[in-house]
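Quick notes on the structure that follows.
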Amino acid sequence: MREPLFRTRITELFGIRHPLLCGGLMWLGDGRYVAAVVNGGGMGFITALAFPDPEEFRRQVHLCRELTGGKPFGVNISVPRRPGYKERVARHIDITIEEQVRFVETAGGSPDWFIDRLKAAGCVVIHKVPGIKYLASAERLGVDAVSLIGAEAGGHPGIVLMGTMVQGAQLREATSLPCVIGGGIGAGRQLVAALALGADGVLMGSRMLASTEMWSHPEYKRRVVSGDGTDSRLCMLTFKDTHRVLANESSDAVAALEAAGVRDIEQYREHIDGRLTRRAYETGDFKRGMIDYGQAVAFVDEIESVEAIFDRIIDDARRSLARLDEVTVERQDNARGRQPDEARSA
């Protein structure tokens, strides 16, 4: 494990070695994977919604606590916009509080109806937003930090669809909260750029899809390794529920329905059923299912441990800092033994 290279408001808030957060991943974010993220020096979040049985979610919390040796970790509480999920989300919140989980990542719909409970229980809350314009409302909610997601992100990047680099450069004027940026992030040079833009760290999802600690089928991981980031597509824009997924038979069918102007959600059901996605992860047959898949897969070139991924990112960040030194005028002048004023007059 690499020594700390950066100290930011995010490393201080979460008590972590590196400013690397790994967000919730539907069906994949279990206790074993999150423990590997925490033990590797970052912060991860068990995806509550991935466990329809609330007691299985509790077991995943127990497993993570065991594997981390009691170190703090997080859970992801996503609020679907579809009706009928509120009761299920409420039970996940109950368990989060009962188990004294320290960190909570909220996403999807507004957490306004339960954030007071989390804060009263002593939870640190980071809320994920898909655009600069949502940062002010997140701040008013009383969250402790925010994640800003660009259009490159897998899963649900929102309807704004502005790139990570553009939005990241607006952070300093948009919020006073500790903030990470995500969407297409998978290299240490991007971490350095994010910090230069004003962020306090980065959020990764797709970059981690081929980690050895993730339970998905090896065939699926090999598919991720072979990807280059251009093999994703945006779907469900018709319903203002933008979804960046792997290009496959299911997403082809959804795209065809949207192109035909179909607005009856029932005609989409057989293609967007989440059970198809889970089956793809289980079997390695990824032809069907709306499989979250972001452009950061471009950086995935082998199946390796979370710690190895983090080490590569930190090593790349260190090289990038050296690169900045090389192109800085003052550094170049010092290397030539000249004072800056002498160089300008030369």
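The values are calculated or read from the model by the stated rules, or taken from the named source; none is laboratory data. Keep in mind that what you see is a predicted model, and the values were worked out from it rather than measured. FYI the Cβ positions are ideal-geometry reconstructions off the backbone, even for glycines, and counts take in every protein chain you see.
For Val224, state whether it is β-branched (Val, Ile, Thr), within 23 Å of Tyr33 (Cα to Cα) and outside any strand (DSSP E or B).
Answer is yes for this residue.
Restricting attention to segment 141-159, the residues being buried (at least 16 other Cβ atoms within 10 Å of the Cβ) and touching a Lys or Arg at 6+ places or on another chain (Cβ under 7 Å) number 6.
So which of Arg344, Arg338, Arg318, Arg275 is at pLDDT below 95 and assigned to a helix (DSSP H, G or I)? Even if it seems obvious, please write down each step before you answer.
Working: Arg338 fails: assigned to a helix (DSSP H, G or I); Arg318 fails: at pLDDT below 95; Arg275 fails: at pLDDT below 95.
On inspection, the qualifying residue turns out to be Arg344.
Yes or no: Ala196 modelled with pLDDT of 95 or more, under 26 Å from Ala138 (Cα atoms), in a loop (DSSP other than H, G, I, E, B) and in the same structural domain as Gly29 (by TED's automatic domain parsing)? Spelling it out, it is not the case that Ala196 is modelled with pLDDT of 95 or more, under 26 Å from Ala138 (Cα atoms), in a loop (DSSP other than H, G, I, E, B) and in the same structural domain as Gly29 (by TED's automatic domain parsing). Contact map, segment 175-186: residues that are in a loop (DSSP other than H, G, I, E, B) paired with residues that are β-branched (Val, Ile, Thr), Cβ distance under 6 Å, separation 6+ or inter-chain. Pairs shown: Leu177/Val146; Pro178/Ile10; Gly183/Ile149; Gly183/Thr164; Gly184/Thr164; Ile185/Val202. With respect to Lys128, is the statement that it is surrounded by fewer than 17 Cβ atoms within 10 Å (Cβ to Cβ) and closer than 22 Å to Thr11 by Cβ true? Spelling it out, it is not the case that Lys128 is surrounded by fewer than 17 Cβ atoms within 10 Å (Cβ to Cβ) and closer than 22 Å to Thr11 by Cβ.
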